[in-house]
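Have a look at the structure below, then the notes.
All of the numbers you see were taken from the coordinates with simple rules; none came from a lab. Just so you know, these numbers come straight off a predicted model, no measurement behind them. A quick note on method: Cβ atoms are made from the backbone with ideal geometry, for glycine too, and the neighbour counts reach across all protein chains shown.
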Amino acid sequence: MTQTQVLLADDHALVRAGIRLLIETQRDFEIVGETGSASETIQAAQNLQPDLILFDLSMPGGEPSQTINHLRYQNAKSKILVVTMHDDREIVRKMLASGAHGYIVKSVADVDLLNAMRSVMDGKLYINLGIAAETHERASSQAPEKDPLEDLSQREKEVLGLLLRGYTNQAIADQLRVGVKSIESYRSRMMTKLNLASKSDLMEFGIRHGLIY
């Protein structure tokens, strides 16, 4: 079995120890390095070229979104899963826009972290369910609103769902058995109807309406 090589980046040694103990029980993961600051993480990622970086937002030595941008530029093949105490929706949006492949809070169960790691390595976007559920609950507590998806065709809804799961246009085309140009057209119409202009807008929409899990 080919193991996923993991770089564990967190400035708290006790947190790293707990995550390391969890990962060491799994046959499909191997920790190849640990770091405690943004600068150490950038250097270690360059030297080790890990498959997956577990990235804490509170590390000293650099602004998180800039560090993620740097890591994505430097390590194109590395997936980045943010593992943090922060569950603020705006922070989630910013980290995804910076290039993170997933976002999960530290308060989740062990199995959720492992699921997040495997989902990200499978090419899927993963956001902790608690964030989406909390955001959806806040929205639901307000006055009833029009269903934001009611103007979308069934095919546009399918494309939206797959985009929110991290699929590329080509992967969606393969899944739905249509051409890439058709997917691009569905995506363009869907974005226009939802008044979305960018990938980060799309991710924020998914979080706000409880569509990402």
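Given +1 at the Cβ of Lys and Arg, -1 at the Cβ of Asp and Glu and no other charges, the dipole of the chain around its Cα centre is 700 debye to the nearest 20. Close amide H partners of D87, meaning residues 5 or more places away or on another chain with modelled amide H under 5 Å apart, do not exist here.
Note on the chain: lysine pairs with Cα distance below 24 Å, sequence gap of 8 or more or different chains, count 23. Of all stretches in the chain that contain no trypsin sites (Lys or Arg not before Pro) in a DSSP loop with at most 14 other Cβ atoms within 10 Å, the longest one is 78-145. For I127, nonlocal amide neighbours, meaning residues 5 or more places apart or on other chains whose placed amide H falls under 5 Å from its own, are Y103, Y213. Per residue, the chain reaches -15500 deg cm²/dmol at 222 nm when only DSSP H runs of four or more residues are counted, each adding -39500 (n - 2.57). Note that the stretch 30-46 has calculated 3J(HN,Hα) couplings of 9, 7, 9, x, 9, 9, x, 8, 5, 5, 4, 5, 4, 5, 5, 5, 5 Hz, one per residue in order, obtained from phi through the Karplus relation 6.51 cos²θ - 1.76 cosθ + 1.60 (θ = phi - 60°); glycine and proline are x. Taking amide H as placed 1.01 Å from N in the peptide plane, the amide H of T35 sits under 5 Å from that of L8, A9, D10, each at least 5 places away or on another chain.
Any idea what diffusion coefficient the chain gets from Stokes-Einstein, in µm²/s, Kirkwood Rh on alpha carbon pairs, 10 °C, 1.306 mPa s?
For these conditions, the coefficient is 88 µm²/s.
Given R0 = 41 Å, the distance between the Cβ atoms of K157 and A13 translates into a calculated FRET efficiency of 0.35. Label-to-label distance for D28 and L176 is 2.8 nm, based on points extended 7 Å past Cα in the beta-carbon direction.
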